[in-house]
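What follows is one structure encoded as structure tokens, with my remarks underneath.
Any read-out appearing in this document is the output of simple, stated calculations on the displayed coordinates, not a laboratory observation. These figures come from a predicted structure and were not determined experimentally. Methodologically, a virtual Cβ is constructed for each residue, glycine included, from the backbone with ideal geometry; neighbour enumeration extends over all protein chains shown.
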Amino acid sequence: MAYDDSNIFAKILRGEIPCDKVYEDEYALAFRDINPQTPTHVLVIPKGAYVSFDDFSEQASGEEIVGFVRAAGKVARDLGLVAPGYRALANHGADAHQEVPHFHLHLFGGKDLGRMIKPSEK
Ligand code: AMP
């Protein structure tokens, strides 16, 4: 799938639409999800143009991958999520209902998140 630079996160990266920023460095931008699913719900996105985790894992340079992962970990620490715990999740493609075609890592926290997938949903 080719990267479409009209997606909403590309517009946020270009400063064309605002976001509630929590962190930025040369590799990543982190901002609060507009429709939070948990008390803390932050999205971490790479600065580069990658459609999804699949694209990022295959095409990004080692430097970009390390920079992104370090940034995501720092965001979780800075938000105070490490001691209570948090969930990091990336949706890729149709079965995961990925909505925005720019790779993003969700960081969920601020409450007991329960089990990842309920046994009845397997
Ligand atoms: P996904 O289903 O993994 O693609 O998740 C996309 C996420 O982006 C959803 O949780 C949306 O609420 C969130 N989202 C969409 N537009 C914005 C926006 N302008 N600012 C912040 N979060 C957004």
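Out of Asp25, Asp20, one residue alone is within 15 Å of the chain's Cα centre (by Cα), within 13 Å of the ligand (Cβ to nearest atom) and not polar (S, T, N, Q). It is Asp20. Within segment 87-100, is even one residue within 16 Å of the ligand (Cβ to nearest atom) and more than 23 Å from Ile8 (Cβ to Cβ)? Taking every residue of segment 87-100 in turn, none turns out to be within 16 Å of the ligand (Cβ to nearest atom) and more than 23 Å from Ile8 (Cβ to Cβ). Filter segment 88-112 down to residues that are more than 11 Å from the chain's Cα centre (by Cα) and in contact (Cβ under 8 Å) with a residue 40 or more places away in the chain and give me whichever is farthest from Val44 (Cα to Cα). By that ranking, first place goes to Lys111. A Cβ distance below 8 Å, combined with a sequence gap of six or more or placement on separate chains, defines the contacts here; from segment 11-24, residues that are touching a residue at least 40 places away in the same chain (Cβ under 8 Å) reach residues that are acidic (Asp, Glu) and not in a loop (DSSP other than H, G, I, E, B) in the pairs Val22/Asp78; Tyr23/Asp78.
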